[in-house]
Amino acid sequence: MSDSGDLTAAVAAGVTGSEEDYRALLSAIVEVARAIFGAKASSILLLDEEAHELAFAAVVGEGEEHLVGVRFPAGTGIAGWVLATRTPLVIEDVNTDPRFASNVAEDTGFVPKGLMAAPLLHEERALGVLEVLDRPEQSLFSLQEMELLGMFANQAAIAVDLLLRARAAEQILEHDDGELTAVARLAHAVAGLEDERRRAGLELLRNLTSTLGPRPSLL
Amino acid sequence: MVGELESAVAISIGENDEVIVAEDTEGDLSGHGTACAGIIRGLAPEAKISSVRVLEAGFTGSGGILLAGLRYAVEQGFDVINMSLSTTKKPFAAVLHELADSAYFRRNVLVASAHNMPVESYPWRFSSVISVGSHEVPDPFTFFYNPTPPVEFFGRGVNVRVAWTGGRSAAVSGNSFATPHIAGICALILAKHPELTPFQLKSVLYLTASNVGDHT
C-alpha cells in the first residue's frame, strides 16, 4: 500500500499539466530573463542530485537547438560555482593578461564573454541555476540589476519547484502497479467535468468518501 | 596575479565520512578563490594568504565540506577568514553557529557574504560574523555600515576588476567580491592593531565607515 504522500502526489499528477506545459513554463522563464536584461541568451540548468550533474532544461538564444539535455558535472564551471556557493554572480569583460597568454591555450574551461548566474533556491534545496548570457556591452552592470537578478531567480525557483514536484508525482505514477494510477485517473476525470455532471460527480465522491471513511462512533 | 600563497589545502570527505585535509595540488577549479584572494592582495599586499578549498568537481554545496573547511581554518587560527559562500542546509546551521562563535571567541574574524535573495542561509546571518553586501561605488576602500541588519556592511561588489584563472582578469559583480574587500580592510586594521577582538574590530569598521561620522 502506498503512503498518503504518494496518494496526494497521484491526485496532483492527475490534475496538473503535461510535460509540454512544463517545457513551456521553463521556456517562458528564460525568455523573460533574456528580455529583462536585454541579453542575447538565457538558460536554466537543473540539478540531478543523484548523478551530481547539471543539465540544460531550457535555452533561448544561442545554443537553443542543441543544448537542452546536455549535462556536465555539477561542481564545475561558473554554474557549478554559483550552485555550490549559493550566491549570484556576474562576470563580464574577461581579458587575458599578455604575461599569461601561453597558459590560456591550455585552459579548456568555458570563457564567457559576459554571464550572469543565480542559484535557483527553494527553502533549503538548490534546484539549479539560471544563466543570462551576453548583456549589451555598452552598459555597465548596476546594483539594481544585481538585485533584480536575485528577485527574478527567486520567482523562477518557485516555479521550478512546483514543476519538479509535478514531475516527481508523475514518476511515482509511472512506477505504480495500478493503485495510484486509478486515483490519478479519477482526479483527472473529475477535473475534466463541467456543470451538472461535475456537481453530480463531486456528490458521488462525497458519498463514496463517507462510505469508505471511518465508521461513526456508536456512542 | 595573486602572488605566493602561505599554504593551500583541499578539503574532502572520505568513504567513512572522515574529513581529509590534503595539500591542494589541483589549484583553483572555478576562479572563485583566485578572484577573492586577488582582491585581498590588492588591499593588503603584505597579508599572508592561505587557501582552503571546499569546492570540487561534483560538489553541490552539501555543507559537509564547507563545515570541515571552516573548522580547519578556525583550528589553524587564521586572523581573518573570508567566506564568499553560504549554505542553505538547515541541519548544518547549528554546527556552523557553534563554529562561528568559537571563531569569534578565539579572535578569528569571520567575514561572510550576505544573501541578496529571500532565502535562509548561513553563516552570514550569525551576529558573531561580519556579514557583507554590495555597494557600487568604484573605490575599494569605500564601505558602508548598514543600520538595518542582518547585513552589517556593504563593500565594493559591482564591476570589480579581479584576477581570474589562466592569467586572465574579469569584471565581476556579486556579494562574493564585496566580502574580500571587507576582509582585506580587516587585515589592514588588525596588522596595525593586532590586539583587537572581533567586537572591537567591528566597532572600528563602524566608526570608519563612509556613511558614519564626519568624513569631510
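Check off (1) loosely packed, with under 15 Cβ neighbours inside 10 Å; (2) part of a loop (DSSP other than H, G, I, E, B); (3) away from every other protein chain (no Cβ under 12 Å) for B:GLY27 and give me the number that stays unchecked.
Of everything listed in (1) loosely packed, with under 15 Cβ neighbours inside 10 Å; (2) part of a loop (DSSP other than H, G, I, E, B); (3) away from every other protein chain (no Cβ under 12 Å), B:GLY27 misses just condition (3).
Of the residues that make up the range B:94-111, is at least one within 10 Å of chain A (Cβ to nearest Cβ) and not in a loop (DSSP other than H, G, I, E, B)?
no
The rows are residues; the columns are (1) in a loop (DSSP other than H, G, I, E, B); (2) modelled with pLDDT under 90.
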residue	(1), (2)
A:PHE72	no, yes
A:VAL82	no, yes
A:VAL104	no, yes
A:VAL129	no, no
A:LEU140	yes, yes
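Would you check if B:GLY167 is within 16 Å of the chain's Cα centre (by Cα) and on the phi > 0 side of the Ramachandran plot?
Against the criterion (within 16 Å of the chain's Cα centre (by Cα) and on the phi > 0 side of the Ramachandran plot), B:GLY167 does not qualify.
When you check B:LEU96 against the structure, is it in contact with a strand residue (DSSP E or B) (Cβ under 8 Å, 6 or more places away or on another chain), crowded, with 21+ Cβ neighbours inside 10 Å and either closer than 19 Å to B:CYS186 by Cα or acidic (Asp, Glu) (or both), yes or no?
The answer is no for B:LEU96.
Do you know which residues across the range B:113-141 are closer than 19 Å to B:ILE185 by Cβ and either out of contact with any Phe, Trp or Tyr (no Cβ under 7 Å at 6 or more places or on another chain) or of a type in the set (Lys, Arg) (or both)? Explain how you work it out, then say what you get.
Residues of the range B:113-141 closer than 19 Å to B:ILE185 by Cβ: B:113-114, B:124, B:128-141.
Listed by number, the residues that qualify are B:TRP124, B:VAL129, B:GLU136, B:VAL137, B:PRO138, B:ASP139, B:PRO140, B:PHE141.
The values are calculated or read from the model by the stated rules, or taken from the named source; none is laboratory data. Quick caveat: nothing in here was measured; it's all calculated off a predicted structure. Using ideal geometry, Cβ is built from the backbone for each residue, glycine included, and neighbour counts are taken over all protein chains shown.
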